[in-house]
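Colleague: Sharing a structure, written as structure tokens. Questions coming.
The values are calculated or read from the model by the stated rules, or taken from the named source; none is laboratory data. Keep in mind it's a predicted model, so treat the numbers as computed, not measured. Here the Cβ is made from the backbone with ideal geometry for all residues, glycine too, and neighbour counts use every protein chain on show.
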Amino acid sequence: RRSARDAFDGTATTRDGHDIDLVANVADPAEADAAANAGARGVGLFRTEFCFLGRGTEPTVAEQVEAYRAVLARFSGGRVVVRTLDAGADKPLRFLTPDHEDNPALGVRGIRTAVDHPEVLDRQLEAISRAARAESTEVWVMAPMVATADETREFVAACTAHGLTTAGVMIETPAAALQARWLLADAAFASLGTNDLTQYTMAADRDLAGVAALSTPWQPAVLDLVRVACEGGAVHGRPVGVCGEAAADPLLAPVLVGLGVTSLSMTPRALAAVAAALRQVTLDECRDLATSALDKPTARAAREVVRDFGSGGP
Ligand code: PYR
């Protein structure tokens, strides 16, 4: 019998044989190496900030191409989901984001920077497109911090103009989750950033100790938004993944699958444990877990009902 300690072989299936796409979050070529060594065959969140942060000027397209190729090259034959630059809030950039905002988490961050600086997004998409053509890796592109169908349509159009035909959105705002059926009419896929989705749903700063008790993806309000987002994707037959920390919780992963999530992207060291957890449940059991968790009034009760499942509990 296999255990969580066994090496991850790149695939994950439920006990009744449903495949779940289990992939890695990476932020630079070194992490891409670690992910590949951990058995990951693909990347569900490639954060491109490493190429931009800590610099006074925008990297050139050629510099970006080289940086992206270094990550794509590790996943030849696999798929890498590239997230466009997520600057702003806790990641300010002199050449892109406003100097001072009273509420930076609610300010010009993620895709919102493209309103005043469409040329930065345009050059990044050009670099991603060139990197994709140079490597034999399937490249999907997604925008961070999307809140509206308009932003989605404009992003998809910008990607298409660069020959990037699989363009999606991150769902990190309650607005995007609630509107998923509209966003996914244009977007080819969505990926739930559960850290920010939790922050914005609970109105609780994800890095503030004083509100940490609120900041858990087990909050039934967060799980309900995951459900709505997945239903919005299902309307169009689009995949909806999770790339926030929730995906790395072996207890929560089956719940997410039961809510309709089709891929889980996480820190490479969590892959084996999450794959092991999924092997122990059927898809119907995942759905039962999701229904039970959604039916609870508190995060603690939701977690407890899932934890007690299969151990003689309710
Ligand atoms: C989030 O969970 O908010 C990410 O950006 C991954």
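Colleague: Give me the helices (runs of 4 or more DSSP H) completely within segment 126-240, filtered to those with at least 3 residues that are at pLDDT 95 or above and either under 22 Å from Phe46 (Cβ atoms) or more than 15 Å from the ligand (Cβ to nearest atom) (or both), ordered by residue number.
Modeller: Ranges flagged: 149-161, 180-186, 194-202, 220-235.
Colleague: Any residue in segment 153-170 that is at positive phi sitting within a Cβ distance under 9 Å of a residue that is modelled with pLDDT of 95 or more and among the charged types (D, E, K, R)? List the pairs, counting only those 6 or more apart or interchain.
Modeller: The qualifying pairs are Gly163/Arg133.
Colleague: Okay, moving on. Which residues, counting only those in segment 241-254, are more than 9 Å from the chain's Cα centre (by Cα) and either of a type in the set (Val, Ile, Thr) or more than 11 Å from the ligand (Cβ to nearest atom) (or both)?
Modeller: Asp249, Pro250, Leu251, Leu252, Ala253, Pro254
Colleague: Oh, and also: Can you tell me which residue is nearest to Gly241 (Cα to Cα) among those in segment 257-281 that are in a helix (DSSP H, G or I) and among the β-branched types (Val, Ile, Thr)?
Modeller: The residue in question is Val257.
Colleague: To continue, here is another question. Does segment 216-232 hold any residues that are farther than 18 Å from Leu251 by Cβ and hydroxyl-bearing (Ser, Thr, Tyr), and which are they?
Modeller: None - no residue of segment 216-232 is farther than 18 Å from Leu251 by Cβ and hydroxyl-bearing (Ser, Thr, Tyr), so the list stays empty.
Colleague: When only residues in segment 127-140 that are within 22 Å of the chain's Cα centre (by Cα) and within 16 Å of Glu63 (Cα to Cα) count, which is surrounded by the fewest Cβ atoms within 10 Å (Cβ to Cβ)?
Modeller: Within segment 127-140, the match that is surrounded by the fewest Cβ atoms within 10 Å (Cβ to Cβ) is Ser129.
Colleague: Follow-up. Quick one: Ala7 ticks every box in (1) among the hydrophobic types (A, V, I, L, M, F, W, C); (2) assigned to a helix (DSSP H, G or I); (3) farther than 23 Å from Ala167 by Cα; (4) over 20 Å from the mean Cα position of the chain (by Cα) except a single one, so which number is it?
Modeller: Here Ala7 meets the rest and fails (2).
Colleague: Looking at (1) closer than 19 Å to Ser191 by Cβ; (2) assigned to a helix (DSSP H, G or I); (3) polar (S, T, N, Q), which one does Ser292 not meet, given that it meets all the others?
Modeller: Looking at each condition in turn, Ser292 falls short on (1).
Colleague: Within segment 87-125, how many residues turn out to be in contact (Cβ under 8 Å) with a residue 40 or more places away in the chain, within 16 Å of the ligand (Cβ to nearest atom) and part of a loop (DSSP other than H, G, I, E, B)?
Modeller: 1
Colleague: Continuing with the same structure: Kindly indicate whether any position in segment 76-86 is in a strand (DSSP E or B), at pLDDT below 95 and among the basic types (Lys, Arg).
Modeller: Looking for residues that are in a strand (DSSP E or B), at pLDDT below 95 and among the basic types (Lys, Arg), one finds none in segment 76-86, hence no.
Colleague: Can you find even one residue in segment 77-84 that is away from the ligand (no atom under 16 Å from the Cβ), crowded, with 22+ Cβ neighbours inside 10 Å and within 21 Å of Val120 (Cβ to Cβ)?
Modeller: Scanning segment 77-84, I find no residue that is away from the ligand (no atom under 16 Å from the Cβ), crowded, with 22+ Cβ neighbours inside 10 Å and within 21 Å of Val120 (Cβ to Cβ), so the answer is no.
Colleague: Can you name every residue in segment 208-223 that is out of contact with any Ser or Thr (no Cβ under 9 Å at 6 or more places or on another chain) and touching a residue at least 60 places away in the same chain (Cβ under 8 Å)?
Modeller: Leu223
Colleague: Within segment 77-126, can you find the residues that are acidic (Asp, Glu), more than 27 Å from Thr166 (Cα to Cα) and over 19 Å from the mean Cα position of the chain (by Cα)?
Modeller: The answer is Asp99, Glu101, Asp102.
Listed here are the residues, each with its yes/no results for (1) among the polar types (S, T, N, Q); (2) farther than 14 Å from Glu135 by Cβ.
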{"residue": "Gly10", "(1), (2)": "no, yes"}
{"residue": "Asp16", "(1), (2)": "no, yes"}
{"residue": "Asn37", "(1), (2)": "yes, yes"}
{"residue": "Ala62", "(1), (2)": "no, yes"}
{"residue": "Tyr68", "(1), (2)": "no, no"}
{"residue": "Leu72", "(1), (2)": "no, no"}
{"residue": "Gly77", "(1), (2)": "no, no"}
{"residue": "Ala87", "(1), (2)": "no, yes"}
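Colleague: Given the conditions (1) surrounded by 15 or more Cβ atoms within 10 Å (Cβ to Cβ); (2) outside any loop (DSSP other than H, G, I, E, B), report the number of the one that Asp284 does not fulfil.
Modeller: So Asp284 meets the others, but not (1).
Colleague: Then there is this: Given (1) more than 16 Å from the ligand (Cβ to nearest atom); (2) buried (at least 16 other Cβ atoms within 10 Å of the Cβ), where does Ala270 come up short, assuming only one miss?
Modeller: (1)
Colleague: Consider Ala67 carefully, then state whether it is among the small types (Gly, Ala, Ser), surrounded by fewer than 20 Cβ atoms within 10 Å (Cβ to Cβ) and within 22 Å of the chain's Cα centre (by Cα).
Modeller: Yes; evaluated as a whole, the condition is true for this residue.
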